[in-house]
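Here the structure is laid out as structure tokens; the discussion comes afterwards.
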Amino acid sequence: MKGVRELKQRHTYSFLNATERGIGRKLHEKELEIENINNKNKELVDRIKQASMEIQSWHYRVKYNESVINVLKNNLKQAMAQGAMHGKEGCGDSEVDDAASHTNVNHIVDGSRNLTPTMKQTSCRACKVHEVSVLLLPCRHLCLCKDCEGFIEICPICKAMKTVSVQVYMC
Ligand SMILES: [Zn+2]
Ligand SMILES: [Zn+2]
């Protein structure tokens, strides 16, 4: 009699033990999961912080580029106005031959001393066919046409690596 009771007790005991162990393991798993999630959250928060910092700096860069573009637009307007005064404006005309665009250029340069060297030529530095229409940043050289800009990474004038290019509309 005593032996049976003992056996029963032992059974119950080991059953309880196993359940406890099972629950313990599950808890441990959950804890690990929570830890993982926490780590991932932290990572995400860090990434968000970094991204917002990058956005901020891009925001500044865009603002800066915008102001540069505005200055250049004004310069261009002046150059165009001067070119028009000399009756040799080649705006929108892609069939200007080299000689003509050179005379044009000389007039513009003579007309105003504070123009950047970009204004020296109105045909694309790469193909020499189309009108320049793309401004390269950060060097600010206006020296490529829209077609050539796509595959040129380095400014043909100063060899600076282009980071941003902006299409400008003359006239
Ligand atoms: Zn071109
Ligand atoms: Zn350049």
Per the filter on the stretch 61-83, residues without any contact (Cβ under 8 Å) to a residue 24 or more places away in the chain and surrounded by 15 or more Cβ atoms within 10 Å (Cβ to Cβ) are none
Would the stretch 107-124 turn up any residue that is near ligand 1 (Cβ under 8 Å from one of its atoms), modelled with pLDDT of 50 or more and among the β-branched types (Val, Ile, Thr)?
no
In the stretch 118-171, the residues that are of a type in the set (Ser, Thr, Tyr), within 15 Å of ligand 2 (Cβ to nearest atom) and closer than 17 Å to LEU76 by Cα
THR118, SER165
Condition (residue is away from ligand 1 (no atom under 12 Å from the Cβ), surrounded by 14 or more Cβ atoms within 10 Å (Cβ to Cβ), farther than 27 Å from HIS59 by Cβ and modelled with pLDDT of 90 or more) applied to the stretch 136-159: is it met by at least one residue?
yes
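The values are calculated or read from the model by the stated rules, or taken from the named source; none is laboratory data. If you're wondering where the values come from, they're calculated on a predicted model, not measured in any experiment. Backbone-built Cβ (ideal geometry, glycine too); neighbour counts: all protein chains shown.
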